[in-house]
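The numbers here are math on the coordinates, done by the rules we state, and not lab data. Fair warning: this is a prediction, and the values are worked out from it, not measured in the lab. Cβ: placed from backbone, ideal geometry, glycine included. Neighbour counts: every protein chain shown.
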Amino acid sequence: MKKYMRQYLDNIDKKLTNNYKFSNEEVDDFLFKMNLFQKERTTHLVITLSYVFFTILFLFLTKYIFIMFIVFFILLIFDGFYVYHYFFLENSVQYMYKQYDLIKNSSIIKENRKEG
């Protein structure tokens, strides 16, 4: 997902840098993909919070069963990776908001709004 998202954002950045005029179909495609990335971000937020919940649960279990420390430590490692990935998704979606603001201010979109 990271590679695809980076490539897509870089492609949009190149078009914005070259003053590319976006058609309505391209804007709709951008909004559709942004919606998909937002859903992906929400899914990873739920997964991350679930892992954090279980990590805390196993931390409390280590008080009674010391071997649970191993499970706690493994979950703690997973938490780190999930938090890192979630922040990547969060920052990328917020960056897409900025890109959308630039796209909707492009001249072809303005012309289409005046006609319609």
Review point. Do you know which residues across the range 42-60 are free of Cβ contacts under 8 Å to residues at least 40 places away in the same chain and either of a type in the set (A, V, I, L, M) or touching a helix residue (DSSP H, G or I) at 6+ places or on another chain (Cβ under 8 Å) (or both)?
Key: 46, 47, 48, 49, 51, 52, 54, 55, 56, 57, 58, 59
**Study point:** Tally, over the range 11-46, of residues that are closer than 15 Å to residue 101 by Cβ and outside any helix (DSSP H, G or I)
**Key:** 1
**Study point:** Considering residues of the range 74-85 that are among the aromatic types (Phe, Trp, Tyr) and surrounded by 14 or more Cβ atoms within 10 Å (Cβ to Cβ) only, the residue farthest from residue 43 (Cα to Cα)
**Key:** 78
Exercise for review: List the number of the failed condition for residue 100; all other conditions in (1) more than 23 Å from the chain's Cα centre (by Cα); (2) surrounded by 14 or more Cβ atoms within 10 Å (Cβ to Cβ) hold.
Suggested key: (1)
Practice item. Return the only residue of 21, 63, 3, 14 being over 11 Å from the mean Cα position of the chain (by Cα), in contact (Cβ under 8 Å) with a residue 12 or more places away in the chain and exposed (fewer than 15 other Cβ atoms within 10 Å of the Cβ). Key: 21
Practice item. Among what's in the range 24-60 and is of a type in the set (A, V, I, L, M) and within 14 Å of the chain's Cα centre (by Cα), pick the residue that is surrounded by the fewest Cβ atoms within 10 Å (Cβ to Cβ). Key: 46
